[in-house]
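Visitor: Sending over a structure as structure tokens; questions will come in a sec.
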Amino acid sequence: MQVQSPPTAAASPSPQPGTVDFERTLNAEVLQSLFPVSLVLAGLYTFYTLSHLREGMPYSGWLAVIAVTNVVAFLILALLLRRQRLPARYAHPISMALTCGMLIHRFSDIFFTGLPQHTTNLIILLIGVGYILLATPWLIAVIVLTLGGWGLLLLRAADPTLWLEYVIALGAATALSFIIHFTRRQALFRHERLLEQNTQRTYELEHQTLHLATLTEVSQNVNALLDLDVLLNHVTDLIQERFRYYYVGIFLVDESKSYMVSRAGSGKSGSALAEQNFKLRIDQGLIGQAASHHEVVCVNDVQLDTRYVKSVLVPDTRAELVLPLEIGGELLGILDIQSERLNAFSEVDTQVFKSLADQVAIAINNALLYQSEYSRRMLTEMLYEVSYALSRTLNLQEVLDLILGNLVQIVPFDRGSVMLCQEESIEIVAAFGFPVGSAPTKISFPITRGDIFDQLRELKKPLIITDVRGRPDFQQVKGLPEARAWMGVPLIDEAQAIIGMFSLTRETPTAYTEDETTLALSFAGQTAIALNNARLYSELANAYAQLERIDHTKTDFIAVASHELRTPLTVLLGFAQLLIKSPDLKDHAMHRPMLDNILKSGTRLKEIIDTMVDMARIDNRTLEIYADTLALSSSIKAAVAPLREALAERRLTLVIEPLEELPLLQGDRDELVKVFYQLLINAIKYTPDGGHISVAGTTFAAGYRDVATAGVEIIITDTGIGIDPQHHDLIFEKFYQTGQVALHSSGKTKFKGGGPGLGLTIAKGIVEAHGGQIWVESPGHDEEGCPGSRFHVALPLKPPATLALPNKATQNGGS
Ligand code: ADP
């Protein structure tokens, strides 16, 4: 089989492994031609010597000895050459030396006359030179010069009796020249042939070296390549780069095991085939032959093979080599090599590429194993990410976008959407991969009996359409690139109802695989959870909004009612105060205590109503702070004053540490008095008789407890029943009371005395309106052990400008 001619761009310069052999053969060739030449020369020389003797020309003794010696030496040389005893390295110099000797001999006795024996001198001289040079151009020179010499001699001494001798001498010289010429030519031909053989062998060697290098490189590299696409492209590129074939491609068996799909290709058309995912039935063409019979197919002239299927993308293919890629008898794909030359593939090529194909098959298998492992890991990671997002955010759009964004990484699609069923239609709620400006969330389709979604709903399983062109009921969206392959995955809620689907579109008819379906199903599960969460959240949000509305109505009612109650109560209290001063009633035994009770209860009622008004104001965010410069020590004194009686009654000691040193601050005096009053009355209420209450103050720097500027902190500590840490925040919520409210005593300063559960809420509202913070510390609630509580109020030296209003005195109306 003929092999491809040497590549134009071989990877490395070729070595010269045949050089030694070639030289030896060439020498043998020259030696062969030396023998007849030497023989003829010896004969000619003998003839010349004899002719001289016959003519009886004066001939000195020593010249005769030289001549005879030369003749003998020539004969010995011819004999040795004949028997091939003489190595080339001796034969050449010896024959040169003899020729030179002969020439010297002739030079010393040269005559330029018309006599034939003298002419022979010249001929011998020239033949000798030609012999030394052994070159074809000299032969022509010899003949030309000889013929010229003859012409001259004939002109000068044309004695017809001597013509025979002339003719003999001329014939001998010409024959000799021709012998030299033809032996030389033969040697040259053989030389050429040898050169060609040498080139051929060098090329074969180079080709094999390339094969081996490629094989080694493939085996070294491919096993480290775990990305299937990178691996396949690497192999095809490497073969292409090394051997300059017309096309090198790899086809892999598809899921259905009935097609071979082009996965990688190099050369002019290879990438085009791979990009188009060019497909061949598994029994089609030479590839099909190799795939279905698991055998190497080598066709050195595709036009003569009826199985060959011509592809428009590789129209110039003349020879093709197809090698199955199999592992353990299982076919993974084929390696396809095509050449534009006839007879491009030798036996050696086939063998070497077979080993290469075996290596590649192992690497593909590794990459496939890794890929399935990798996608499993990816799936786990992505599902984790999605479920983390589900637990972290209630933003449905964010979760759906994340789901589609993750899904596309393991189930490639061009456009994907989450579609939800409405009454009669199905519409997109989240989309991925849609062209900019296509507004996918405005896309919806009516649901009709028997259509694709209806079918999916019936199936309750994913539906794959390999090419939607075969489904006239598939609704293409105007203005979007045409959909070709499609997968629908149902979204099933807890009640097993189909609430929507994933719609995943590919713009090429590349079918989705079973694996991809399974992956998409896992994501569909997450999507159903996200949708369910969103539904629950929106229900909750609705309920909350409704509650807020109710609460608002209640606050409004409290505001109105308390306001309405306050006016008649003020009148009642006013008249009661007038009555108590009247002389008739002032000391009346029966009416005076009644009036006292009316006044006391009325005042208590007024306090409660005031609290409710404050509460409503805080709730409606209408509490206004009128900042004035004040010393907290005076606010605390003002708060303590009405409580002195209760403290004495309950035998509670109150220690107010010196607060006069504290810096002055900007605040609403009346409101701050309410804060401290509330904290002190609580301390009284929740500390058993004989307990201890203290008030201390300190300063703090900006940033403490999130208070923007530096300020003053007041700490009210009691030795009371304490508060469970889990209630520390809740007690500041309105109406929140710990313990059983029914068990509270009714007196407002009695131990565990009753209250509406608004005190701390109002205190907090006022403190925050000043830009401050209020909080409690207490180890826990224990009515026996009385661990005590410690309330902190941190106020900035100046309330933030956004909260404070100008001085109350300058305002009309006030609180
Ligand atoms: P109430 O009108 O019930 O006093 P508050 O809002 O003033 O309402 O207080 C809420 C709850 O916080 C009280 O019911 C009480 O359980 C708890 N509490 C407030 N101050 C103290 C304190 N100094 N010691 C123990 N518990 C307290």
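Visitor: Got the relative contact order for segment 548-615 handy, in percent, Cα pairs under 8 Å and 6 or more residues apart?
Guide: Normalised by residue count, the contact order of segment 548-615 is 45 percent.
Visitor: So, one more: Where the accessible area of segment 625-812 is counted over protein heavy atoms with a 1.4 Å probe, how much of it, in %, is carbon and sulfur?
Guide: 52 percent
Visitor: Suppose R0 equals 56 Å; then what is the FRET efficiency for Glu507 and Leu605 from their Cβ-Cβ distance, rounded to the nearest 0.05?
Guide: After rounding, the FRET efficiency stands at 0.10.
Visitor: Which lysines have a Cα less than 24 Å from the Cα of Lys734, not counting those fewer than 8 places away in the same chain?
Guide: Within the straight-line limit of under 24 Å, Lys734 reaches these lysines: Lys554, Lys606, Lys674, Lys685, Lys748, Lys750, Lys752, Lys764.
Visitor: What are the lysines whose alpha-carbon lies under 22 Å from the alpha-carbon of Lys310, with same-chain residues fewer than 8 places away excluded?
Guide: Hits, sequence-local ones excluded: Lys268, Lys279.
Visitor: To continue, here is another question. So what's the net charge close to Val302: Lys and Arg +1, Asp and Glu -1, counting the other residues with Cβ under 15 Å from its Cβ?
Guide: That sum, taken over residues with Cβ under 15 Å, equals -2.
Visitor: Considering only the other residues whose Cβ falls under 14 Å of the Cβ of Ala367, what net charge follows from Lys and Arg at +1 and Asp and Glu at -1?
Guide: -2
Visitor: Based on the mean of other Cβ atoms within 10 Å per residue, sort peptides 659-668, 674-683, 597-606 so the most packed one is first.
Guide: Highest mean packing first, the order is 674-683, 659-668, 597-606.
Visitor: Find the relative contact order for segment 225-372 and round it to a whole percent, using C-alpha pairs within less than 8 Å whose residues are 6+ positions apart.
Guide: Taking the mean separation of contacting Cα pairs over the length of segment 225-372, I get 24 percent.
Visitor: May I ask you to give the solvent-accessible area per residue for segment 393-620, in square angstrom, as obtained with a 1.4 angstrom probe?
Guide: Here the per-residue accessible area is 56 Å².
Visitor: How large, in percent, is the carbon and sulfur part of the accessible surface of segment 564-612 at a probe radius of 1.4 Å?
Guide: Whole-percent figure for carbon plus sulfur exposure: 68.
Visitor: What does the accessible area of Thr69 come to, in Å² to the nearest 10, when a probe of 1.4 Å is used?
Guide: Near enough 80 Å² of accessible area.
Visitor: Further question: From the protein chains alone at 1.4 Å, what is the descending order of accessible area for Arg669, Arg392, Arg617, largest first?
Guide: Descending accessible area places them as Arg392, Arg669, Arg617.
Visitor: Another one. Tell me the net charge near Leu605. Cut-off is 14 Å between Cβ atoms, Leu605 excluded, with +1 for each Lys or Arg and -1 for each Asp or Glu.
Guide: +2
Visitor: Another question about this same structure. Using a/c under 1.5 as the rounded threshold, could you call segment 225-372 rounded, prolate or oblate? The axes a ≥ b ≥ c are square roots of the C-alpha gyration tensor eigenvalues, and prolate needs a/b larger than b/c, oblate otherwise.
Guide: It comes out rounded by the Cα gyration axes.
Visitor: I would also like to ask the following. Write down the radius of gyration of segment 625-812 and its Dmax, each obtained from C-alpha positions, in Å.
Guide: Both quantities, over Cα of segment 625-812: 16.2, 51 Å.
The values are calculated or read from the model by the stated rules, or taken from the named source; none is laboratory data. Computed from a predicted model, the values in this text were never measured in an experiment. As a convention, Cβ positions derive from the backbone with ideal geometry for all residues, glycine included, and neighbour counts pool all protein chains shown. For accessibility, only protein heavy atoms count, side chains too; no ligands or nucleic acids. Shrake-Rupley method; radii C 1.70, N 1.55, O 1.52, S 1.80 Å.
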